[in-house]
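To start, the structure itself, in structure tokens.
The values are calculated or read from the model by the stated rules, or taken from the named source; none is laboratory data. Everything quoted here is computed from the prediction, not taken from an experiment. Cβ placement follows ideal geometry from the backbone for every residue including glycine, while neighbour counts extend to all protein chains displayed. The area values use the complete protein model at the heavy-atom level, side chains included, leaving out ligands, DNA and RNA. Shrake-Rupley method; radii C 1.70, N 1.55, O 1.52, S 1.80 Å.
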Amino acid sequence: MDQHQLRAACLALPGAAEEFPFGDEVSVFKVGGKMFALSALDGAPLEISVKCDPDIAVQLRATHQAIRPGYHLNKRHWNTITLDGSLSDQMVTDMLTDSYDLVVASLPKARRPA
């Protein structure tokens, strides 16, 4: 998965928006005003941070070298994924979707996408 595919996958989710609160080099993807992913899309290596259930986050980190605790984020709830080819695009997409779903579930009903 390259930076263009990653950005497209984030923005394909209902109600997703891209913002730049940390400067032009860091894309923050939000739904209902809450972050579900962030990435320096021009970074090398390409990485993305996603929210994750804490128990699953620990399992993923233990199983995959490309997944580590969230960089500059709450390490209990966030993972940073290095897109180095060791994880399938489907797995990355699944983790991105799970992150989105966790954030949407925490939103008040009025702020959830239709």
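Summary table
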| read-out | value |
| --- | --- |
| Residues being surrounded by 14 or more Cβ atoms within 10 Å (Cβ to Cβ), within 22 Å of Leu13 (Cα to Cα) and either at pLDDT below 95 or charged (D, E, K, R) (or both) - total across the range 41-52 | 3 |
| Residues being open to solvent by 70 Å² or more (accessible area, probe 1.4 Å), part of a helix (DSSP H, G or I) and among the small types (Gly, Ala, Ser) - total across the range 56-104 | 1 |
| Qualifying position, being on the phi > 0 side of the Ramachandran plot and in a loop (DSSP other than H, G, I, E, B), among Gly43, Gly23 | Gly23 |
| Residue within the range 24-35 that is touching a helix residue (DSSP H, G or I) at 6+ places or on another chain (Cβ under 9 Å) and among the aromatic types (Phe, Trp, Tyr) present | yes |
| Test: Asp101 is over 20 Å from Asp2 (Cα atoms) and not polar (S, T, N, Q) | yes |
